[in-house]
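Visitor: Before I ask anything, let me first share the structure, which is written out below as structure tokens.
The values are calculated or read from the model by the stated rules, or taken from the named source; none is laboratory data. Everything quoted here is computed from the prediction, not taken from an experiment. All Cβ positions, glycine included, derive from the backbone under ideal geometry; neighbour counts span all protein chains shown.
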Amino acid sequence: MSGCPFCNLETDQCCLVTPALRAFRDSFPVSKGHALIVPRRHVASLFDLDEAELAAIWSAVSAVRQQLQEEFKPDGFNIGVNDGTAAGQTVSHAHLHVIPRYAGDVPDPRGGVRWIIPSKADYWSESK
């Protein structure tokens, strides 16, 4: 797709390239090392991928995580997908985020991805 930023990536921008996908650092990282894994085939949703493409994506998660672990030594990771406009997807090409997390990067990281809906995130407090 000519207007898709993920379809027009140069290989030298990538930290991992396979026949099925490319991985690269996010242009607007939420943490040091934040990477995206993008299938080569232009589809809007990961759910539009076939089993082989999905297997390649999940294999790449491990490889990219290892790269980030070696380079940045984070204390944890969030792995996430925004699937559809209502879920916050802004580029209509399937992609998966690998986000390194660091001790102290937020005051209280409990709840992780649950914070996408803040009123549902803090399920452990006595006041709820």
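Visitor: Could you grab me the full set of residues in segment 41-57 that are under 24 Å from GLY3 (Cβ atoms) and either of a type in the set (Lys, Arg) or touching a helix residue (DSSP H, G or I) at 6+ places or on another chain (Cβ under 8 Å) (or both)?
Guide: Passing the criteria: ARG41, LEU46, LEU49, ILE57.
Visitor: Can you pull out every residue in segment 18-47 that is β-branched (Val, Ile, Thr) and either free of Cβ contacts under 8 Å to residues at least 40 places away in the same chain or touching a His at 6+ places or on another chain (Cβ under 6 Å) (or both)?
Guide: Hit for segment 18-47 is VAL38, nothing else.
Visitor: Do we have any residue at all in segment 117-127 that's farther than 17 Å from PRO19 by Cα, aliphatic (A, V, I, L, M) and modelled with pLDDT under 95?
Guide: Yes: one or more hits.
Conditions tested, residue by residue: (1) in a loop (DSSP other than H, G, I, E, B); (2) in contact (Cβ under 8 Å) with a residue 40 or more places away in the chain.
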{"position": "GLY3", "(1), (2)": "yes, no"}
{"position": "LEU9", "(1), (2)": "yes, no"}
{"position": "LEU16", "(1), (2)": "no, yes"}
{"position": "GLU53", "(1), (2)": "no, no"}
{"position": "TRP58", "(1), (2)": "no, no"}
{"position": "GLU71", "(1), (2)": "no, no"}
{"position": "PRO74", "(1), (2)": "yes, yes"}
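Visitor: Next question, about the same structure. Being part of a loop (DSSP other than H, G, I, E, B), exposed (fewer than 14 other Cβ atoms within 10 Å of the Cβ) and charged (D, E, K, R) is the filter here; which residues of segment 79-128 pass it?
Guide: Within segment 79-128, ASP108, ARG110, GLU126, LYS128 qualify.
Rundown of residues vs (1) surrounded by 15 or more Cβ atoms within 10 Å (Cβ to Cβ); (2) closer than 30 Å to VAL106 by Cβ; (3) more than 11 Å from the chain's Cα centre (by Cα); (4) of a type in the set (A, V, I, L, M), yes/no style:
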site	(1), (2), (3), (4)
ALA20	yes, no, yes, yes
PRO29	no, yes, no, no
ILE37	yes, yes, no, yes
GLU53	yes, no, yes, no
ILE57	yes, yes, no, yes
VAL61	yes, yes, no, yes
